[in-house]
Amino acid sequence: MIVFLSKIRIFVMVIIQIRLSDMAMSIQEFIVKYKEAFGENAPLPISFGYSNEAVTEVRRIPRCMIGAIRKVCDGGVLTLSVDNVLCGGGSLYTAFAPMPDRVPVFVSETEHYKQTKEQVKDYIDRLGIHLSEKPYLNFVRMDHVTSLDEVEGMLFFATPDVLSGLCSWAFYDNNEDDAVCARFASGCCSIVTFAAKENAKGGRRCFIGMLDPSARPLVPRDELTFTIPACRFKEMMNTMEQSALFQKAYSIVRKRINEEI
């Protein structure tokens with residue numbers, strides 16, 4: 001009897017997985033719905049993830065990677081590695097190198113983002129960053145993505161009006177108080193580190209970022225970032241049409257995003 005019930009349980013789980021697979025929205029379907037929800041003026045999201053293969057030449061970038069990441073919105077691709085991430089904090093938060101000894105002093109005594117270097121050390125210890133086993137971190141705009149394999153997260157550069165929609169979408173099927181978080185972080189940490197850690201544990205939190213004054217000049221003045229870990233994004237793809245994005249209130253905001261009012 002126990003064996004019979006076990007077989008029934010396995011059969012039901014297989015059926016559920018097949019149905020979920022059938023329900024899953026394709027990347028192209030998502031792009032169509034995304035443009036319906038936000039209009040043509042909202043930049044498409046950017047996928048990012050670690051890989052053994054570079055999607056483009058590992059080119060020299062300015063000291064801060066944020067400007068290079070933002071350019072991916074224009075349709076290019078970007079590959080980061082230990083060879084072109086020259087910022088000490090950036091190499092830490094992309095998991096390419098251990099924390100340089102100078103970082104705690106710099107963050108506390110030069111930037112004054114934390115009161116003491118001990119606070120910085122404690123904060124970084126709690127992040128629990130482990131060096132990547134893969135040599136490349138690729139950023140690709142959504143319309144050039146063929147698979148969500150090897151994707152850590154989806155990055156949105158968002159004005160307040162777009163951010164309103166993204167948060168409403170994230171809140172739709174997640175009733176936790178931390179469904180959307182805004183945490184202390186550098187620009188790169190708020191994009192890469194949080195999503196990678198959340199994705200590794202199958203978490204459901206999304207992250208608002210680019211509150212870092214040092215990185216703010218590298219993005220438009222009216223943009224923040226919103227990052228969805230890949231595991232959560234796969235869920236949210238299937239709740240998009242039922243969420244507030246396709247209801248009357250947000251349709252008015254959409255018109256303003258696209259300067260129709």
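All of the numbers you see were taken from the coordinates with simple rules; none came from a lab. Values in this document were obtained by computation on a predicted structure and should not be read as measured data. Cβ placement follows ideal geometry from the backbone for every residue including glycine, while neighbour counts extend to all protein chains displayed.
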Checklist (1) under 26 Å from VAL32 (Cα atoms); (2) not in a strand (DSSP E or B) applied to VAL82, failing item: (1)
Subset of the stretch 44-68 (residues that are within 23 Å of CYS231 (Cβ to Cβ) and in contact with a Cys (Cβ under 8 Å, 6 or more places away or on another chain)): LEU44, ILE46
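For (1) crowded, with 21+ Cβ neighbours inside 10 Å; (2) over 13 Å from TRP169 (Cα atoms), each residue gets a yes or a no:
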| site | (1), (2) |
| --- | --- |
| ILE191 | yes, yes |
| GLU198 | yes, yes |
| LYS201 | no, yes |
| MET210 | yes, yes |
| PRO213 | no, yes |
| PRO217 | no, yes |
| THR225 | yes, yes |
| ILE228 | yes, no |
| MET237 | yes, no |
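Rundown of residues vs (1) of a type in the set (A, V, I, L, M, F, W, C); (2) under 15 Å from VAL192 (Cβ atoms); (3) in contact (Cβ under 8 Å) with a residue 12 or more places away in the chain, yes/no style:
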residue	(1), (2), (3)
CYS87	yes, yes, yes
SER91	no, yes, no
PHE96	yes, yes, yes
ARG102	no, no, yes
VAL107	yes, no, yes
THR110	no, no, no
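Restricting to the stretch 47-66, and then to whatever is over 23 Å from ASP149 (Cα atoms), touching a residue at least 40 places away in the same chain (Cβ under 8 Å) and among the aliphatic types (A, V, I, L, M), can you tell me which residue is surrounded by the fewest Cβ atoms within 10 Å (Cβ to Cβ)?
Going through the qualifying residues, I end up with ILE66.
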ALA179, sole failed condition from (1) closer than 19 Å to GLY88 by Cβ; (2) surrounded by fewer than 21 Cβ atoms within 10 Å (Cβ to Cβ): (1)
